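For reference, the structure discussed in these notes is given below.
The values are calculated or read from the model by the stated rules, or taken from the named source; none is laboratory data. Just so it is clear, the structure is predicted and the values come from calculations on it, not from any experiment. Here Cβ is always computed from backbone atoms with ideal geometry, including for glycine, and neighbour counts include all displayed protein chains. Note: areas computed on protein heavy atoms with side chains; ligands, DNA, RNA excluded. Shrake-Rupley method; radii C 1.70, N 1.55, O 1.52, S 1.80 Å.
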Amino acid sequence: MSWQVNYALLNVRKARGVISAEHVHGEAIKITVYDKPDVLAVISNAYTITAELATQYHQEYPDMDFLCGYRKECVWEGGAIRYLEDNTIGWGSAGTLSSAISVGNANTAAHKEYVFSYRLIRQLRCITNVVREFDRVLNVSLSSGRTLRIGMILEYEPTADAVRTLWYRCGPVDIAWNINPSGNPTQNAIEAGRQLGCKVVKWEDLKTLLQSS
C-alpha cells in the first residue's frame, strides 16, 4: 500500500459519519458513510494533475467518484478539472474529500480552498468569460474587451516566495489575489509582485480593479 493511501485511510476514518474505509487496489479506497452514498476515491501522490493523468485514472478506476491530490503542493491543470467535472467526478485535496464524504457530494465536489473565490469572480457582471487554466489561475475576459490572468494565493499572509512560486509554477499573472479572508499580503510579497510585473491584492481591491478596467 502506498504512503498516500495509508495516510488517506487514517484521516478519512476520522471524518464525520464514516462507517468504514478500506483499500480496494492500487490507489483506490472505498468509503462507506452513514446515510450517504459509498465513495470510491483515488488517492494520487502526483505534484501536478494533468488531463492525461486524470484520464488514465478514470480508465483504471471507471467507478471513481473522487480524485484526490494528496500532496499539499499538488496543482491541478484546467484540462484535468474540465475532464473530471464533465464525467461527474469530484476533485481536490484531502480536506475536500473529507468534507465531501460527510456532505454526500463526493462526485460533484471541487477543491474547497478555491471554490468560493471562483464563484465570486464568476458573479461579477463586468466579467464575460472565465477560463480556468489551473485550480488557482483564471483567465478572465472583461466587458471592456480586456483580458487578465489572475492567480489565487491561499496563504494567510503571503510572502515574496508565495508570489514567486505561483509565477514560476503556473506562469506569469497580471494579478496575484490573496484569497485568504483573514490575512494580508506582506510588503515583501507586494514588492515581489511589482518586480515580476503583477499586482498583489485582496478581494475589494481586485473587484474595484476589474470593474474599472
>> Suppose the chain between Thr208 and Arg125 were pulled fully straight at 0.36 nm per residue; how much longer would it get relative to their current alpha carbon spacing?
In response: 28.7 nm
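Provide the percentage of antiparallel DSSP beta bridges, counting only those with both residues in the chain; round to the nearest 5. Display every interim value, and only then the final one.
On the way: 22 of 38 bridges.
Antiparallel: roughly 60 percent of the beta bridges in the chain.
Write down Rg/Rh for region 66-125, rounded to two decimals, with Rg from the C-alpha atoms and Rh from the Kirkwood relation over Cα pairs.
On the way: Rg = 11.5 Å, Rh = 11.8 Å.
Taking Rg over the Kirkwood Rh, I get 0.97.
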> Which is farthest toward the positive dipole end of the chain among Ala51, Gly145, Phe66, measuring Cα position about the Cα centre, with Cβ charges +1 (Lys, Arg) and -1 (Asp, Glu)?
Replying inline: Gly145
> Where the only charges are on Cβ atoms (+1 Lys, Arg; -1 Asp, Glu), what is the dipole of the chain about its Cα centre, to the nearest 20 debye?
Replying inline: 620 debye
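Which order do Lys72, Lys14 take when ranked by solvent-accessible area (1.4 Å probe, heavy atoms of all protein chains), largest first?
Working: Lys72 195, Lys14 160 Å².
Sorted descending by solvent-accessible area, the residues read Lys72, Lys14.
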>> If you average 1/r across every pair of different Cα atoms in region 13-94 and take the reciprocal, what Kirkwood value do you get, in Å?
In response: 12.9 Å
> Quick one: how many Å² of Tyr47 are accessible to a 1.4 Å probe, rounded to 10?
Replying inline: 120 Å²
> Considering the Cα trace of region 143-184, what is its radius of gyration and what is Dmax, both in angstroms?
Replying inline: 11.4, 33
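In the calculated pair distance distribution of the chain, what percentage of Cα-Cα distances lie above 30 Å? Please report the intermediate quantities before stating the final value.
Working: 6311 of 22578 pairs.
Tail of P(r) above 30 Å: 28 percent of Cα pairs.
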> Ignoring ligands, DNA and RNA, what percent of the accessible area of the chain is carbon or sulfur (1.4 Å)?
Replying inline: 47 percent
> Counting other Cβ atoms within 10 Å of each Cβ, which chymotrypsin sites (Phe, Trp or Tyr not before Pro) in region 140-176 have at most 15 and sit in a DSSP loop?
Replying inline: Tyr156
> Accessible area per residue of the chain at 1.4 Å probe, in Å²?
Replying inline: 50 Å²
>> Given the -39500 (n - 2.57) contribution per DSSP H run of 4+ residues, what per-residue ellipticity at 222 nm results for the chain, rounded to the nearest 500 deg cm²/dmol?
In response: -11000 deg cm²/dmol
